[in-house]
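Encoded as structure tokens, the structure appears first; notes follow it.
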Number of protein chains: 2
Amino acid sequence: MRLCIYTYKCYNTFANLSIVLSGFQRPTDKDTGMKITQRNIAERCGVTTATVSMALRRDARISPVTTERVWAAAQELGYSPAQNQAARRMVMQRFGRKIINRVIALFLPPQFHRLAYYARIYQGIMDVVTEEQFALLITLFHEEMDATFRMPQVFNSGEVDGTIVYMGHHQPVLNDLHDNPGFRERPVCSLVLPLTGCSTVTFDDFHGQYAAVKHLLDLGHRNFLYLSFPRTRDRMEVFGPRLAGIHQALQEYHVPVLHCRVCETPMEWINPHRYSANEEQERRLLEVLQAHREITAILAHNDAMAHRVWVLLTQAGYRVPEDISLVGFDDTDPLPNASGVNQLTSVRLPLEDMGRASARHIIRQVLNGTNEVEHEVLPAELAIRRTTATACIP
Amino acid sequence: MRLCIYTYKCYNTFANLSIVLSGFQRPTDKDTGMKITQRNIAERCGVTTATVSMALRRDARISPVTTERVWAAAQELGYSPAQNQAARRMVMQRFGRKIINRVIALFLPPQFHRLAYYARIYQGIMDVVTEEQFALLITLFHEEMDATFRMPQVFNSGEVDGTIVYMGHHQPVLNDLHDNPGFRERPVCSLVLPLTGCSTVTFDDFHGQYAAVKHLLDLGHRNFLYLSFPRTRDRMEVFGPRLAGIHQALQEYHVPVLHCRVCETPMEWINPHRYSANEEQERRLLEVLQAHREITAILAHNDAMAHRVWVLLTQAGYRVPEDISLVGFDDTDPLPNASGVNQLTSVRLPLEDMGRASARHIIRQVLNGTNEVEHEVLPAELAIRRTTATACIP
DNA sequence: CTGAAAGCGCTTACAG
DNA sequence: CTGAAAGCGCTTACAG
């Protein structure tokens with residue numbers, strides 16, 4: 001034991017030497033010896049590591065004088081607590097406590113950086129994460145990857161403090177996280193499409209869509225075409241509130257719900273990166289408009305879809321908004337005029353705020369050592385521009 | 001000691017029970033007891049943890065029979081080695097060895113996901129990282145952040161295996177990484193703009209630019225305008241090879257170098273997200289063209305700039321390519337015609353390949369436990385489209 | 001207010 | 001081929 005202590009002293013001298021003599025060759029296989037531990041501090045101060053450990057955390061049980069001496073020695077020796085995190089992690093788990101790694105993970109779909117919608121949420125998350133000096137671990141996940149997906153190793157080793165699940169709408173991911181012994185009990189927050197059993201940050205789709213329809217009703221429109229996407233049970237969570245918002249507005253204006261035709265469009269219409277011309281679908285949309293000349297306004301599921309519809313309408317000789325009004329949803333995909341000014345009336349989603357809210361929530365839980373499920377709903381407001389106008393009743 | 005072993009046995013029985021009786025309440029403050037360790041396996045097999053440790057790694061010193069028994073027990077108990085990574089990390093550092101975390105970090109500028117250029121490199125990195133079951137840690141960094149920047153805590157704790165520095169061109173980042181005791185000696189790879197003292201993956205700017213000029217010379221052009229950006233010492237590394245490529249081509253065709261005018265444009269011209277109309281600069285560009293009617297071809301520093309120039313030329317009444325040919329660089333920013341087909345002749349950079357190459361390099365080093373500096377140069381090829389044509393000599 | 005001891009879970013020499 | 005022991009660096013009861 002005594003010998004051992006001498007060994008340490010020897011290393012210390014070594015370390016000092018190699019700082020002074022900058023050309024000095026470090027013993028390459030003994031780089032571990034360069035690492036400063038609480039033991040080095042203890043020796044220099046003539047106390048035990050227990051005292052150092054508590055002093056460094058400014059525990060009240062250690063006298064102020066000793067605490068300062070320990071801190072000074074730590075500074076001098078260049079002690080970095082993060083460096084020996086592994087030991088701390090191990091002893092903490094002995095007492096059933098967790099350490100804070102300042103790492104949060106983000107699950108998101110592979111193509112996230114290609115779509116403004118995802119990119120803006122990502123931006124908000126990253127802003128907060130950087131500000132709070134956390135690191136962000138990106139994990140790509142897509143429903144189709146389900147079979148091959150394996151939770152990255154870091155989740156197992158307890159090195160991730162919390163997770164944000166960015167869309168996905170895929171409950172198994174959450175279960176995997178909760179079943180993972182290295183991650184279990186840590187906070188999770190799902191975005192946009194809520195998962196059950198964790199915190200959520202969502203938009204107020206209902207009031208957003210409600211505001212859009214109310215705006216059209218105020219302009220005299222009474223017959224609508226709502227372009228949705230193929231409904232599956234999964235997606236009803238998105239579809240439901242939107243439709244309810246529409247119904248609510250119609251009801252307030254005593255317009256029968258039948259006056260809103262719901263049209264399912266191909267999924268690719270809402271994702272411009274998957275878009276491939278689908279002539280049959282495009283023809284069908286125009287046929288509906290021809291057959292129902294009473295329709296004077298179109299509500300699209302998102303801006304990308306509104307964009308596509310605008311092109312079709314223009315090619316077919318319709319004028320927007322003179323002949324027909326058009327409203328988007330999400331406000332990510334501008335429809336610029338010649339001077340580059342966005343023309344599309346749309347429901348504006350505070351996407352960056354959503355990212356920020358989720359990151360703040362997770363970081364708060366991590367720093368407090370809590371895991372309280374919270375549900376935050378962010379407002380969706382109508383941005384009125386130039387694709388909506390007074391109804392042109394035939 | 002004996003008591004301790006009994007405690008463990010007790011926990012095990014508990015664990016089995018709670019699997020059978022799914023409604024059974026787990027002791028919440030004893031969740032650590034649920035964790036399976038090599039000790040549990042050792043007890044079940046009647047061997048020591050040393051044997052288990054070696055058997056799990058299929059060390060030849062352990063008999064096949066014992067190895068299989070250990071593996072079977074591990075399976076049964078649901079042992080997960082990653083879970084106790086902290087202990088492994090600690091013992092490994094005792095013997096001066098590293099463990100593989102399957103985590104690599106990526107340093108990149110804050111707005112990376114907004115620019116196709118960055119996004120495509122990112123895509124390539126992510127593809128390989130996901131395929132190799134690594135996790136990616138994103139760290140935003142920008143020269144302007146230098147004062148406030150602090151290396152995230154995870155780098156200190158030895159939980160990051162290697163780093164890719166994505167642009168930045170900022171040597172201090174590399175020094176910070178190398179000075180960090182938790183990261184020291186691990187592989188680093190810088191992209192596009194090489195840092196000294198680490199591996200690099202770059203493009204063959206020289207041959208890319210050379211091919212572009214040769215193409216124009218073949219079309220009969222003899223007087224060029226090369227639109228560059230403000231030259232600082234930092235940026236000479238980009239500027240140098242490009243200019244050398246131009247000179248080489250001119251020389252081969254015996255065209256005096258003076259026939260290539262170099263014009264500096266504002267930095268914002270190469271970054272569409274920072275673009276704001278700069279009428280004076282725009283007028284100056286047109287003035288140059290008016291004053292030098294012998295110029296029949298423009299080489300832009302990147303596609304974004306080419307885009308901007310195309311708009312200016314068109315507005316000023318020039319026809320591209322009939323009156324003037326235009327060549328971009330990077331091939332990220334298409335100039336679509338009415339049918340959506342890109343018209344811009346440009347030097348195509350294999351951006352995804354670059355991301356993939358850097359990720360492969362780092363992952364190879366990590367898995368081999370080596371840190372060999374390598375320099376990879378990827379080809380840049382000319383993509384000939386419709387903004388270049390036979391010179392219209394006045 | 002501080003020290004001596006135990007132990008988190010693992011891997012590696014070193015015995016046998 | 002396997003076991004007993006040591007120790008990575010830390011924190012926490014428990015003494016004094």
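The values are calculated or read from the model by the stated rules, or taken from the named source; none is laboratory data. Here the structure is a predicted model, which means the values were calculated and not measured. Cβ sites come from the backbone with ideal geometry, for glycine too, and all protein chains shown count toward neighbours. For the accessible areas, the whole protein counts, side chains as well, though only heavy atoms, and no ligand, DNA or RNA atoms are used. Shrake-Rupley method; radii C 1.70, N 1.55, O 1.52, S 1.80 Å.
The figures follow:
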| quantity | calculated |
| --- | --- |
| Tilt relative to chain B, helix B:85-94 - C-alpha long axis, 0 to 90 degrees, to 10 | 90 degrees |
| Accessible area in the full protein assembly, largest first, 1.4 Å probe, for A:Ser358, A:Ser80 | A:Ser80, A:Ser358 |
| Nearest-10 value in Å² for the accessible area of B:Glu237, using the 1.4 Å probe | 90 Å² |
| Mean separation of Cα contacts under 8 Å (6+ apart) over length of segment A:102-230, as relative contact order % | 23 percent |
| Relative contact order %, segment A:206-348, counting alpha carbon pairs below 8 Å whose residues are six or more apart | 25 percent |
| Relative contact order (%) - criterion: Cα under 8 Å, at least six apart; region: chain A | 17 percent |
| Dipole of chain A [Lys/Arg +1, Asp/Glu -1 at C-beta], most positive-end residue of A:Val262, A:Leu137, A:Ala297 | A:Leu137 |
| Inter-chain Cβ neighbour average for residues B:150-161, partner chain, 10 Å | 6 |
| Tilt relative to chain B, helix B:351-368 - C-alpha long axis, 0 to 90 degrees, to 10 | 30 degrees |
| Reachable aspartates and glutamates from A:Lys98, criterion Cα separation under 14 angstrom, eight or more residues apart if same chain | A:Glu159, A:Asp161, A:Glu185, B:Asp29, B:Asp31 |
| Point-charge dipole on Cβ atoms (K/R +1, D/E -1) for segment A:206-348, about Cα centre, debye to 20 | 220 debye |
| Two-site label geometry, B:Glu68 and A:Ala316: point separation in nm, points 7 Å out along Cα→Cβ | 7.0 nm |
| Accessible area (Å², 1.4 Å probe, nearest 10) - B:Cys263 | 30 Å² |
| Candidates B:Gln123, B:Gln83, B:Gln111, ranked by Gaussian network fluctuation over chain B, Cα under 10 Å, top entry | B:Gln83 |
| Dipole of the protein assembly as shown, positive direction: furthest Cα of B:Asn84, B:Val201, B:Cys189, with charges on the beta-carbon | B:Asn84 |
| Cross-link partners of A:Lys35 among aspartates and glutamates (Cα-Cα below 13 Å; sequence separation of 8 or more within a chain) | B:Asp179 |
| Positive-pole candidate from B:Asn101, B:Val52, B:Ile384, dipole of chain B, charges at beta carbon | B:Val52 |
| FRET efficiency, B:Asn175 to A:Gln248 (Cβ-Cβ, R0 60 Å, nearest 0.05) | 0.50 |
| Per residue Cα convex hull volume in Å³ - calculated over chain A | 213 Å³ |
| Between 0 and 90°, nearest 10: helix A:279-291 axis offset from chain A longest Cα axis | 50 degrees |
| For segment A:316-321, Karplus couplings with θ = phi - 60° (6.51, -1.76, 1.60), whole Hz, Gly/Pro x | 7, x, 6, 9, 10, x |
| Net dipole in debye of the protein assembly as shown [+1 Lys, Arg Cβ; -1 Asp, Glu Cβ; about Cα centre; nearest 20] | 3300 debye |
| Per-residue HN-Hα couplings for segment A:49-63 [Karplus 6.51, -1.76, 1.60; θ = phi - 60°; Hz; x = Gly/Pro] | 5, 4, 5, 4, 3, 6, 4, 4, 8, 6, 5, 5, 6, 9, 5 |
| Probe 1.4 Å, all protein chains present, accessible-area order of B:Tyr226, A:Tyr210, largest first | A:Tyr210, B:Tyr226 |
| Percentage of interatomic Cα-Cα distances in segment B:273-376 larger than 24 Å | 42 percent |
| DSSP bridge pairs, segment B:205-350: antiparallel proportion in percent, nearest 5 | 5 percent |
| Nonlocal amide H pairs with A:Thr200, under 5 Å, H built at 1.01 Å | A:Ser190, A:Glu374, A:His375, A:Glu376 |
| Accessible heavy-atom area order of A:Glu76, B:Glu143, highest first, probe of 1.4 Å | A:Glu76, B:Glu143 |
| Within a Gaussian network of chain A (alpha carbon springs, distance under 10 Å), most fluctuating of A:Asn368, A:Asn40, A:Asn342 | A:Asn40 |
| Size descriptor, Kirkwood hydrodynamic radius, that averages inverse alpha-carbon separations across the protein assembly as shown, Å | 30.5 Å |
| Residue of B:Leu289, B:Leu216, B:Leu243 that the Gaussian network model of chain B assigns the largest fluctuation, springs spanning Cα pairs under 10 Å | B:Leu289 |
| A:Gln133-A:Arg293 pseudo-label distance in nm [points 7 Å out on the Cα-to-Cβ vector] | 7.0 nm |
| Net charge dipole size for chain B [Lys, Arg +1 and Asp, Glu -1 on Cβ; Debye, nearest 20] | 1880 debye |
